[in-house]
Amino acid sequence: MDPNNPKYCSEDGILFDKTKATIVRYPSGKTQSAYSIPNSVSQIANAAFYRSINLDTITIPNGVETIGRNAFKGCTKLLSIDLPNSILSVDEQAFMNCDSLTTINISDNLESIGFGAFRDCVNLTSITIPNSVTNIGEYNQEIKGKTNVEIIP
């Protein structure tokens, strides 16, 4: 990335907006198994980690407020995810096809979960939905047929 680019910057091959407030794209071909999102990030863009098949651990710092559409879709080795208190919304299909995902810890501040956010997470066994969630887009449709998912209101 050209350091004079007015809109974007790159760090270790990972694309951010110029201020590093948004992670735009984590290269799906990176071979590392763990990644910690920088503390400067407040938004995970649409498809930012799409098909990053080598990641099994992603640390999301407090300060991230939104997870975009398809943000982690197809991260097939991702094991669990902790959503910090700062996250207010998880957009459509954000974790779709995360085959190895077993646990999602949702903070008490989350307000909105988009349609299909956890669709086809075949090994997901527990989701705790806090009372702060006021919008769950077609949530019952996305877990239909999954007998191993426990929803704790």
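Any read-out appearing in this document is the output of simple, stated calculations on the displayed coordinates, not a laboratory observation. Source: prediction; values computed, not measured. With ideal geometry, Cβ positions are generated from the backbone for all residues, glycine too; neighbour counts draw on all protein chains shown.
General observations
- DSSP bridge orientation in the chain - percent antiparallel, rounded to nearest 5: 20
- Here the extension length gained between ASP99 and GLU65 equals 9.8 nm, from 0.36 nm per residue of separation less the Cα-Cα distance.
- When each of the peptides 6-12, 22-28 is scored by the mean number of other C-beta atoms lying within 10 Å of its residues, the order from highest to lowest reads 22-28, 6-12.
- Among the lysines of the chain, pairs that are 8 or more positions apart or on different chains and have alpha carbons within less than 27 Å of each other number 15.
- Magnitude of the charge dipole for the chain, about its Cα centre and with charges confined to Cβ atoms of Lys, Arg (+1) and Asp, Glu (-1), is about 360 debye.
- Extension gain, PHE115 to SER40, is 24.2 nm, computed as 0.36 nm per intervening residue step minus the present C-alpha separation.
- Ordering LEU101, PRO6, ASN70 by the projection of their Cα atoms onto the charge dipole of the chain, which places +1 on the Cβ of Lys and Arg and -1 on the Cβ of Asp and Glu, puts PRO6 at the extreme positive end.
- Long-range HN-HN contacts of VAL24 with modeled amide H, under 5 Å: LEU15, PHE16, ASP17
- Nitroxide proxy distance, nm - points 7 Å out along Cα→Cβ at ASN131 and ASP2: 5.5
- Using distinct alpha-carbon pairs, which all enter the 1/r mean, Kirkwood radius of the chain in Å: 15.5
- Take the Cα of LYS20, step 7 Å toward its Cβ, do the same at LEU79, and the gap between the two points is 2.8 nm.
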